[in-house]
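A short write-up of the structure that comes next.
The values are calculated or read from the model by the stated rules, or taken from the named source; none is laboratory data. Everything numeric here is computed off the predicted structure, so don't read it as measured data. Here the Cβ positions follow ideal geometry from the backbone for every residue, glycine too, while neighbour counts run over all protein chains shown. Note: areas computed on protein heavy atoms with side chains; ligands, DNA, RNA excluded. Shrake-Rupley method; radii C 1.70, N 1.55, O 1.52, S 1.80 Å.
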Amino acid sequence: MHSTLELEAPGIEHRSEQHEGGGRTMWTAHPDGSWARASTERPRALPTVHQGGPRRLRDLLTGVLDRLITGGELPVTGARVTITPDGQNPLSRGRWSATL
């Protein structure tokens, strides 16, 4: 999932912290100023989510999870990469391309 999310928002960073009572806080940030924080008080509880900036990073993550659940795979599953002599790296599946 992180690979797909990285394709949606290159440069995204993730951090997490486990709390004594079993809860957890997860942070996601992007250099464009977008951020999201999801916290739970106890294990398996629904998180409280806060996010801000130009993009809604938690919404991007939810979209990736939806594709995994409904489609059974992520867009990068089985992707093939060709690197040309000039350094171009177009992915053969999905909508992304990158330059190395």
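Figures for the structure shown
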item: Any chance residue 34 is open to solvent by less than 80 Å² (accessible area, probe 1.4 Å), out of contact with any helix residue (DSSP H, G or I) (no Cβ under 9 Å at 6 or more places or on another chain) and under 28 Å from residue 71 (Cα atoms); result: no
item: Scope the range 41-65; condition open to solvent by less than 70 Å² (accessible area, probe 1.4 Å) and farther than 25 Å from residue 3 by Cβ; matching residues; result: 45
item: Subset of the range 1-43 [of a type outside the set (Gly, Ala, Ser), within 14 Å of residue 60 (Cα to Cα) and not in a loop (DSSP other than H, G, I, E, B)]; result: 2, 4, 5, 6, 7, 8, 13, 14, 27, 28, 35, 37
